[in-house]
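Note sheet for the following structure.
Values in this text are rule-based calculations from the coordinates and carry no lab data. Predicted, not measured: the structure shown is a model, and the values here were computed from it. Here the Cβ positions follow ideal geometry from the backbone for every residue, glycine too, while neighbour counts run over all protein chains shown.
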Amino acid sequence: MTDQFTLAEAAAQSVLQRTPLRPRIGLVLGSGLGSFADSLSEATRIPFHEIPSFPRSTAIGHAGQIVIGKAGMVPVAVMQGRVHLYEGYSAQQVAFPMRVFGRMGIRAVILTNAAGGINLTYKQGALVVLSDHINLQGTNPLAGPNDDRFGLRFPDMTHAYDKSYRTMAREEARKLDMTLHEGVYAALLGPSYETPAEIRYLRTVGADLVGMSTAFEVIAARHMGIKVLAISCVTNMAAGILDQPLSHEEVMETGERVKTSLEALLRAVLPRIENDPGIGPQKT
Ligand code: HPA
């Protein structure tokens with residue numbers, strides 16, 4: 001069996017050979033939040049199924065392509081859609097795109113997702129910058145033999161969500177006159193939404209938001225030393241908070257409504273991350 005490193009390297013080369021751009025920033029756009037990728041200039045679109053070893057997205061609302069292009073002056077690689085553990089993929093498969101990003105030379109990622117709001121100060125449609133996560137998905141993309149070419153056996157997760165990027169996001173949100181909360185994301189397997197009792201449990205253990213993605217990507221990114229900014233869109237209040245059932249339609253509708261402000265925030269933050277000396281010199 002070919003190892004993950006070799007597969008990620010081959011996938012990265014197959015993406016890079018289709019564009020002259022050499023982005024250092026990667027983005028992942030969650031459910032209903034994919035339209036940012038449509039606005040890029042000099043864009044090359046590569047469906048996931050054209051990238052060797054890449055997992056295919058089966059979720060509704062996830063287009064399933066990588067778009068390499070420019071957001072203003074900033075070259076970016078954008079995953080429009082992602083795969084999840086609940087689709088039947090392994091934790092390693094879910095994290096594979098991050099490894100491809102790493103081999104492409106990506107040094108910072110902005111991960112977005114749709115999430116249920118557990119913190120009662122949040123409202124539907126709120127944007128929340130993540131300060132930490134609780135991985136309750138029952139597995140880890142780094143389980144199994146460690147490949148030292150990616151990173152350490154026991155990577156630190158103390159500063160997984162870069163503090164200076166969180167500050168940048170808050171500053172840019174303030175300039176845009178937007179409210180940006182900060183919170184802890186609990187990642188669950190899904191695909192069923194949580195029960196009200198599970199939401200009370202998650203609140204007790206310190207979660208502000210709940211979703212079915214992101215944690216594995218953060219773990220794989222940090223393993224490779226890629227810096228992380230993550231922003232959740234509260235597409236719904238979590239189960240049992242309002243006396244109404246949850247639905248994927250509601251998640252998609254709220255994503256649709258909020259994506260304009262999220263896009264404005266992404267555009268404002270990107271040049272600041274591009275100027276971060278911590279992500280190394282620009283490659284030409
Ligand atoms: N729970 C889990 N995942 C989600 C939710 C939720 O309430 N909303 C959007 N993704």
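Worth a mention:
- For the range 143-233: rounded, prolate or oblate by the Cα gyration tensor [a/c cutoff 1.5]: oblate
- Each residue, Phe5 and Lys175, gets one label point 7 Å from its Cα in the Cβ direction; the gap between the two is 4.0 nm.
- Theoretical gain in end-to-end length, Asp156 to Glu50 [0.36 nm per residue, Cα-Cα removed]: 34.8 nm
- Gyration tensor (alpha-carbon) shape descriptor, the range 126-284, a/c threshold 1.5: oblate
- log10 of Debye I(q)/I(0), alpha-carbon scatterers only, for the chain at 0.10, 0.12, 0.14, 0.16 Å⁻¹: -0.47, -0.69, -0.96, -1.29
- The chain, relative contact order [Cα under 8 Å, separation at least 6], %: 25
- In straight-distance terms, cross-link reach from Lys163 covers every one of the aspartates and glutamates whose alpha-carbon lies under 12 Å from its own, apart from those fewer than eight places away in the same chain; here that gives Asp132, Glu182.
- Anisotropy class of the range 1-133 from Cα gyration tensor, a/c 1.5 cut: oblate
- Size of electric dipole in the range 127-259: Cβ of Lys, Arg +1 and of Asp, Glu -1, about Cα centre, debye, nearest 20: 420
- Here the simple spin-label model places points 7 Å from the Cα toward Cβ, and for Ser131 and Tyr201 these points are separated by 2.5 nm.
- Cα-based reach from Lys70 at 19 Å (exclusive), listing lysines while leaving out same-chain residues under 8 positions away: Lys259, Lys283
- Of the trypsin sites (Lys or Arg not before Pro) in the range 181-284, those whose Cβ has at most 11 other Cβ within 10 Å and which sit in DSSP loop: Lys283
- Inter-part distance, the range 79-115 to the range 7-29, computed on C-alpha centroids, equals 13 Å.
- Extension gain, Leu189 back to Glu249 (0.36 nm per residue minus Cα-Cα distance, nm): 19.7 nm
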